[in-house]
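Input: a single structure, listed below in structure tokens.
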Amino acid sequence: MTIRASVAGPIVPPLVAPLGGSALPWESGGGGVPWTPAALGSKLKLWLDQRDQVVTGAGVSDWGDQSPTGTQDWAQTIDANRPATGRTINSYAAPDFDGTSDSMTGPAKSAMISAAAYWIAGVVVLDAVASTSSSYHLDESIISDTGQYIWNSFRNNVGVYTMAAGHSDGTAKTTPTQSITLGTPFLFEHWYDGTNINLRVGSAAATQIAAGSVGSLVATTRLGADNDASNLINGAIGALLICNATLTAVEQAAARSYLAAKYGVVG
């Protein structure tokens, strides 16, 4: 008698992170993971990831928004100031900013956040931090605005590298700092719940400072630079999510888990 083993279904290969601008199966409507940032619905106003990075000349000239409710694309018209291609975080394409001239410009804050509440999260890796200003809104930032009303910035404290986040409610309010490590991708989360500005890096406990609503939503925004593009990040941005409302604890945990799993970072 011959015994044959039966197979209940097709053998499915493991998911492999794409190197280019393609999406994972679940980001294209397939199966695999039950949650993506699209589940945040109308709260989600910006979703930047490995998709829709338009390359012109030497670098990324346009980075397209993937959120279901917005079209908040980011652009750089000057070839020499475009973040470079070829860099990845966990095999996902991540525009690489040189710390000297690279940045991108985006929409007004009003298109992405509300004065009374917002939530920002992303995955980045920094190669160096040069800024030593005593005011974090003047330091290198992932996202800031030309009116100095919101920032999540980095400082070199004599070889100790820190991150802080804040906004101006008429007076600049900045959270207590959290440590970062150069050369290692990390997840950050910066949000305002109507009472406190909060910052969390990796799995650290959130630090916070009491603040009123954002003082102005008029100014346009920059990616990879402070308000006047005089201090620029040296490193790569893999993902950036922005919501114009407070997220529930469940939504925050789901977003952190998604980013941590996708980019291989601690969340």
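The values are calculated or read from the model by the stated rules, or taken from the named source; none is laboratory data. These figures come from a predicted structure and were not determined experimentally. All Cβ positions, even for glycine, are placed from backbone atoms using ideal geometry, and neighbour counts span all protein chains on display. Note: areas computed on protein heavy atoms with side chains; ligands, DNA, RNA excluded. Shrake-Rupley method; radii C 1.70, N 1.55, O 1.52, S 1.80 Å.
Based on the Cβ-Cβ distance from VAL266 to THR56, what FRET efficiency comes out when R0 is 41 Å, to the nearest 0.05?
Working from the Cβ atoms, E equals 0.75.
When the Cα atoms of the range 61-178 are enclosed in a convex hull and the volume is divided per residue, what value in Å³ results?
130 Å³
Projected area of the range 116-201, taken from the Cα convex hull and averaged over every viewing direction, in nm²?
5.2 nm²
In units of 2.2 N^0.38 Å, what is the alpha-carbon radius of gyration of the range 168-267?
Expressed relative to 2.2 N^0.38 Å, the Cα Rg reads 1.14.
Which whole-number percent is the relative contact order of the range 148-219 (Cα, under 8 Å, 6+ apart)?
For the range 148-219, the relative contact order is 28 percent.
So for the chain, what percent of the C-alpha to C-alpha distances run longer than 26 Å?
38 percent
Calculate log10 I(q)/I(0) of the range 56-112 for q = 0.15, 0.17, 0.30 Å⁻¹, where I(q) comes from the Debye formula with a single equal point scatterer on each Cα and nothing for solvent.
-0.47, -0.60, -1.16
What part of the accessible area of the range 26-166, given as a whole %, is carbon or sulfur when the probe is 1.4 angstrom?
51 percent
Gain in length, ILE209 to SER110, computed as 0.36 nm per residue apart minus the alpha-carbon separation, to one decimal in nm?
The span from ILE209 to SER110 would gain 33.4 nm if fully extended.
Measuring from label point to label point, each 7 Å out along Cα→Cβ, what is the THR71 to ASP193 span in nm?
Calculated label separation equals 3.6 nm.
Leaving out ligands and nucleic acids, note down the accessible area per residue over the chain with a 1.4 angstrom probe, in whole Å².
With the other protein chains kept in place, the chain gives 41 Å² per residue.
Could you tell me the largest-minus-smallest coordinate of the C-alpha atoms of the range 100-258 on each of the three principal axes, in descending order and whole angstroms?
Sorted from largest, the Cα extents of the range 100-258 read 34, 32, 25 Å.
VAL125: accessible area at probe 1.4 Å, nearest 10 Å²?
For VAL125, solvent-accessible area is about 10 Å².
How far apart, in nm, are the 7 Å Cα→Cβ label points at SER133 and SER179?
2.6 nm
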